[in-house]
Amino acid sequence: MGLWNRVSGVFKDKTSIVLANFSGKSSFRNPVLETAIINTTSHDDCRIDKRSAQVVFSWIRASPISLWPFMWALSRRMERTQSWVVAIKGLMLMHGVLHCKIKELSFGQRKAIEMVTTDVH
């Protein structure tokens with residue numbers, strides 16, 4: 001990646017963090033979780049921020065209610081990006097969340113599998 005691409009990526013990440021912190025908390029927005037998602041899926045192509053990923057995993061394990069703000073923030077980040085690095089890191093983060101042992105998540109996966117198998121007839 002060129003120097004200007006790295007600088008613009010850092011600028012985009014910092015701007016997103018500032019906007020997430022000023023957005024306020026609502027039913028679909030959690031500034032702490034959004035900041036952790038932005039740090040985990042940064043434009044830096046050399047590393048993934050494992051500490052921020054652990055923050056996301058601990059939020060979801062502690063409170064499955066935070067699964068909806070996580071999904072909203074991650075899908076919004078993935079929709080708006082044009083960087084393959086951010087997309088890959090987002091997929092890796094989603095993969096990690098799916099491997100968390102959460103009862104609500106396993107119920108949803110089971111329902112989705114049931115819906116797919118019943119529609120195949």
Taking the Cα atoms of segment 14-71 alone, what are Rg (to one decimal) and Dmax (as a whole number) in Å?
-> 11.3, 34
Sequence-distant residues sharing a close amide H with SER42 (under 5 Å, placed H) = ASP49
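Every number in this text was worked out from the coordinates using simple rules, so none of it is lab data. All of these numbers come straight from a predicted model, not from anything done at the bench.
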